[in-house]
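The values are calculated or read from the model by the stated rules, or taken from the named source; none is laboratory data. Note that the structure is a prediction, hence the values are computed from the model and not measured. As a convention, Cβ positions derive from the backbone with ideal geometry for all residues, glycine included, and neighbour counts pool all protein chains shown. The protein model used for the area step is the full one, side chains on, heavy atoms only, and it has no ligands, DNA or RNA in it. Shrake-Rupley method; radii C 1.70, N 1.55, O 1.52, S 1.80 Å.
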Amino acid sequence: MREALDDLLQVAGLSSRTYAGAAAFLDDHAPGRFDLLITDLRMPQMDGVELLRRLAATDPGLPAIVVTSDSPSCGQAIEAGALACLGKPVDDDALLLLIDVVLGRERRERPEH
């Protein structure tokens, strides 16, 4: 899923980085370094809700979108600071539209795969 999402973002003309988990992201993170975080809730060692809580304390301006198969936990993700929670499988068009809105960009046409 992580690689497919990275491919989608690259094709859409967005730069992205992937991380093996929340701890790896936090090791590379600095306030202002990223424009947007897209994360899952279920990850090894640290779940997405804990990641969002930590970011709320260190980088409260970083917008976050959660993509998960654990829809019942979406409420916790929103409470922890996520702007939106999308279920898997993710609708590419919906995700790209949401990214455009969050980043304040013009709506782009769907990239051809």
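Taken over the stretch 15-44, the criterion of being assigned to a helix (DSSP H, G or I) and either open to solvent by 50 Å² or more (accessible area, probe 1.4 Å) or among the acidic types (Asp, Glu) (or both) is satisfied by Asp27, Asp28. Within the stretch 45-69, the set of residues being part of a loop (DSSP other than H, G, I, E, B), among the acidic types (Asp, Glu) and open to solvent by 30 Å² or more (accessible area, probe 1.4 Å) comprises just one member, Asp47. The set of residues in the stretch 70-90 being surrounded by fewer than 15 Cβ atoms within 10 Å (Cβ to Cβ) and modelled with pLDDT under 90 consists of Ser71, Pro72.
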